[in-house]
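What follows is a single structure, written as structure tokens, with notes after it.
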Amino acid sequence: MNEFFGSVWWLLVALGVLVTFHEYGHFWVARRFKVKVLRFSVGFGKPLWTWHGKDGTEYVIAAIPLGGYVRMLDEREGDVSPKELSQAFNRKPVLQRMAIAAAGPLANLLLAFGLLWAMLVIGRPDYAPVVGHVQGIAAQAGLHPGDVITKVGERATPTWSELGIALSIAALDHKPVPLGVRQPDGQESTRVLPLQNLPAQRDETRALADIGLIPRHLLLPAVVGSVREGSPAWGVLAAGDRITAIDGQPVSSFEDIAPLVARLGETSHHGMVEVERDGQRLALELSPQRFTDDSGGLHWILGITAASPVEAPHDAVLRLSAVAAIPAAARETLFQSRQIVEMIARAFSGRVAVENTVSGPLTIARAANDFAARGPAWFLEFLALLSVSLGLLNLLPIPVLDGGHLLYYLIELAAGRPLGERAQAVGQYIGLALIAGLMGLAFYNDILHLVS
């Protein structure tokens, strides 16, 4: 399945699951309060499939899979026979109407909990949170290659994905954050990452690069890809050689080579390079060449390039027992909910670029395809995050959203009577305008991500 069709397919799967569960929340609570449900629709527009249940509800799958709705019996939307008045939504007490409106978002949060529980029980393959290379802010904090980062603030980081998420969130506030670190010798320590030194204007999606932290699994192997003709390594090293040491100093990745070559050039100007070639260990004498770049910087080079990178095998799995996964899934659901609320607050305050906050269907589709390709546990976690986002965004106090309806009902509860129809109509128009603006912004951000 190519990327385009895969993205479309997994987007439809994601939206189908999330929208159905959301609308079922409204449906289930409405039925508990004996409200007659006329239609349960997944999608908008022309019906593609229709089924009439014995309960009198019309179940529909429609052509535009970007939402859904539950249509209930309501005197404001049509005539209601006297014998069915008790089943009309508008005749129910305000607290019951509030419960029905809140049931959709709550269903999404419950779904997220279930998905995260399943992900933890299945086990999500990942990488250990081991530092591979440091520079910049990470070096200032005293991190070293081989360190295992076990915590960011109070959040445990059992895998590199948890570490990346935690650091990306912490970087948004530009404040120092403590790290729990287990050094290669097993000693536990704390390092403080000076995130206040991050650039004020930066791309929030590149937090780890700005911090100067490269994971071990992304390091290039110390394997020669090619040798430049006429360079110091020409005729000495060959493509496929694995460099194991330079002047007696061990080499574990290609990133180790440049500083060791520089040290060799600045001291003795020549030394031994140890390599593995065709199962043999060789010690070869080399003299680095001095090179000045266009900006006047001085470098010492051998004249080699790295071999093409290959994806490192996973070396960690995030997995818990069925019982232990219950509180862990609850904590993760609360964590994701809190982060989405804080992200919205940061966007409104201008602390986060809006283009990194609002994503449209194109970006979501590409992400769905990417997570699905990683395996079922990854896709379950992606669905959980989308479910939390859908639930909380629907609680925004914008007319036409569930949160807007809840706002109307709160006003009715406080005033003792419903908000006037004219005021509600004005609110609906404002809500539609806001939703249209958000959709336009989402599509604009999608286009930016495609061309960037």
Residue tally, condition in contact with a Gly (Cβ under 7 Å, 6 or more places away or on another chain), open to solvent by 80 Å² or more (accessible area, probe 1.4 Å) and on the phi > 0 side of the Ramachandran plot, over the range 25-84: 0
Listing of strands (runs of 3 or more DSSP E) fully contained in the range 172-227 that carry 3 or more residues being out of contact with any helix residue (DSSP H, G or I) (no Cβ under 7 Å at 6 or more places or on another chain): 177-182, 188-193, 224-227
Tabulated pairs, the range 323-348, first over 18 Å from P105 (Cβ atoms), second open to solvent by 30 Å² or more (accessible area, probe 1.4 Å) and at pLDDT below 85, C-beta under 6 angstrom, 6+ apart or interchain: A347/V354; A347/T357
Subset tally (residues that are open to solvent by less than 20 Å² (accessible area, probe 1.4 Å) and either basic (K, R) or not in a loop (DSSP other than H, G, I, E, B) (or both)) for the range 228-259: 4
Breaking point among (1) small (G, A, S); (2) open to solvent by 20 Å² or more (accessible area, probe 1.4 Å); (3) in contact with a Leu (Cβ under 6 Å, 6 or more places away or on another chain), for A101: (2)
Only listed residue being over 13 Å from V13 (Cβ atoms) and either modelled with pLDDT of 85 or more or surrounded by 17 or more Cβ atoms within 10 Å (Cβ to Cβ) (or both), chosen from L386, L362, L380: L362
Filtered residues of the range 359-394 (kept if of a type in the set (G, A, S) and either free of Cβ contacts under 8 Å to residues at least 40 places away in the same chain or in a helix (DSSP H, G or I) (or both)): A365, A367, A368, A372, A373, A377, A384, S387, S389, G391
Residue that is modelled with the highest pLDDT [pool: residues in the range 310-338 that are of a type in the set (S, T, Y) and either under 21 Å from the mean Cα position of the chain (by Cα) or outside any loop (DSSP other than H, G, I, E, B) (or both)]: T333
Residue ID - most open to solvent (accessible area, probe 1.4 Å), chosen from residues in the range 162-188 that are without any contact (Cβ under 8 Å) to a residue 60 or more places away in the chain and in contact with a Lys or Arg (Cβ under 8 Å, 6 or more places away or on another chain): E188
Residue in the range 269-291 that is part of a helix (DSSP H, G or I) and open to solvent by less than 60 Å² (accessible area, probe 1.4 Å) present: no
Boolean, G68 is under 24 Å from A384 (Cβ atoms) and part of a helix (DSSP H, G or I): no
Hits in the range 189-218 - residues which are of a type in the set (A, V, I, L, M, F, W, C) and either free of Cβ contacts under 8 Å to residues at least 60 places away in the same chain or open to solvent by 30 Å² or more (accessible area, probe 1.4 Å) (or both): V192, L193, L195, A200, A207, L208, A209, I214, L218
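The values are calculated or read from the model by the stated rules, or taken from the named source; none is laboratory data. Everything numeric here is computed off the predicted structure, so don't read it as measured data. As a convention, Cβ positions derive from the backbone with ideal geometry for all residues, glycine included, and neighbour counts pool all protein chains shown. Each accessible area value is taken on the protein alone, full model and side chains, heavy atoms only, with ligands, DNA and RNA left out. Shrake-Rupley method; radii C 1.70, N 1.55, O 1.52, S 1.80 Å.
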